[in-house]
1. Return the pairs, sorted by first residue and then second, in which the second residue is among the hydroxyl-bearing types (S, T, Y) and at pLDDT 95 or above, the first residue lies in the stretch 145-160 and is surrounded by fewer than 19 Cβ atoms within 10 Å (Cβ to Cβ), the beta carbons are less than 9 Å apart, and the residues are 6+ apart or on different chains.
2. Hey, does the stretch 157-171 have a residue that's in contact with a His (Cβ under 9 Å, 6 or more places away or on another chain) and either under 18 Å from T29 (Cα atoms) or of a type in the set (A, V, I, L, M) (or both)?
3. Going by what's in this entry, would I61 be described as under 16 Å from P223 (Cα atoms), in contact with a Leu (Cβ under 9 Å, 6 or more places away or on another chain) and at pLDDT 85 or above?
4. In the stretch 223-243, is there at least one residue being among the aromatic types (F, W, Y), in contact (Cβ under 8 Å) with a residue 60 or more places away in the chain and outside any helix (DSSP H, G or I)?
5. Got a sec? Which of G175, G180, G218 is at pLDDT below 95 and of a type outside the set (D, E)?
6. Among the residues of the stretch 212-229, are any more than 21 Å from the chain's Cα centre (by Cα) and either more than 15 Å from R33 (Cβ to Cβ) or surrounded by fewer than 16 Cβ atoms within 10 Å (Cβ to Cβ) (or both)?
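The values are calculated or read from the model by the stated rules, or taken from the named source; none is laboratory data. Here the structure is a predicted model, which means the values were calculated and not measured. Here the Cβ is made from the backbone with ideal geometry for all residues, glycine too, and neighbour counts use every protein chain on show.
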Amino acid sequence: MKCRRCIMADKNLLFSGPMVRALLDGRKTQTRRVLKLPTKTHNDGPIYEHPKMGGWAAGTIGGKGCYLDPAKTIPAPERTCIWHQTTGTTMLPSYAPGDRLWVREAFSYDSLDVDREGVLPPWYWADGNPSSGDFTRPKPSIHMPRWASRLTLIVTDVRVQRLQEINEADAVAEGIEGDGQGAWRCYLPEPKNQTHWSCPRESFRTLWDSLNAKRGYGWDVNPWVCAVTFTVHRMNIDQMEAA
């Protein structure tokens, strides 16, 4: 089977203010994104599950003996994927090792620079409120242009898993905040006004639900996710090669 996506790519990735701060602090080296599974097979047929065969599962595609061209001159790299055990439908995650991801975050232009791309640096709201300057209202991260991005992530590993498979080390790598005494921040209102958890996974659960529960992908749903590991570079993606 040919790998549909095997060339390293530049992509953008949206982050909330707390997660941008975690990137800047060096606390965040992983992110998990929901995998939106196909509803039809490659032949446009229905996705159905045979009780003796099963449904979606993590797997790999490509690798030894696989090629990208009929002449078998271009080896297909092994890639993590998710595949359906009944229909054989296979889907690759949106990210692969070697990809460069430029971070999008909430920002503002200086009012003097609205129509002049990059003449003055934007304000990044993850850094707090500006102490000077005449900045416009915060613009959502989805509107950040490539030139304004200040962080670039280089993907080093990609895994496919169910959300609740995350372990404690990975939960910490997601950038949850610790208090330095073995407790971890609670990101949602909890019973009895709990503000911290002793377990990193519980802290991550509240972080995840604060961002994804309203979208229908809460912790209890246990969606399939793409777990991306990366290195953080404090520079614009287009400055990477020049550095």
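1. I154/T231; T156/T29; T156/T229; T156/T231; D157/T229; R159/T229
2. Our first condition is that a residue be in contact with a His (Cβ under 9 Å, 6 or more places away or on another chain); within the stretch 157-171, this holds for none.
No, the stretch 157-171 contains no residue that is in contact with a His (Cβ under 9 Å, 6 or more places away or on another chain) and either under 18 Å from T29 (Cα atoms) or of a type in the set (A, V, I, L, M) (or both).
3. On the way: under 16 Å from P223 (Cα atoms): no; in contact with a Leu (Cβ under 9 Å, 6 or more places away or on another chain): yes; at pLDDT 85 or above: yes.
In short, no.
4. Yes, there is a match, as at least one residue in the stretch 223-243 is among the aromatic types (F, W, Y), in contact (Cβ under 8 Å) with a residue 60 or more places away in the chain and outside any helix (DSSP H, G or I).
5. Working: G175 fails: at pLDDT below 95; G218 fails: at pLDDT below 95.
From the options G175, G180, G218, the qualifying one is G180.
6. Pass one, the stretch 212-229, residues more than 21 Å from the chain's Cα centre (by Cα): none.
No, the stretch 212-229 contains no residue that is more than 21 Å from the chain's Cα centre (by Cα) and either more than 15 Å from R33 (Cβ to Cβ) or surrounded by fewer than 16 Cβ atoms within 10 Å (Cβ to Cβ) (or both).
For (1) surrounded by fewer than 17 Cβ atoms within 10 Å (Cβ to Cβ); (2) within 26 Å of the chain's Cα centre (by Cα), each residue gets a yes or a no:
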| residue | (1), (2) |
| --- | --- |
| D25 | yes, yes |
| P46 | yes, no |
| I61 | no, yes |
| K64 | yes, no |
| T73 | yes, no |
| E105 | no, yes |
| D110 | no, no |
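Condition check ((1) more than 30 Å from H84 (Cα to Cα); (2) of a type in the set (V, I, T); (3) in a helix (DSSP H, G or I)) across all residues:
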| position | (1), (2), (3) |
| --- | --- |
| P130 | yes, no, no |
| I142 | yes, yes, yes |
| I154 | no, yes, no |
| I176 | yes, yes, no |
| G180 | yes, no, no |
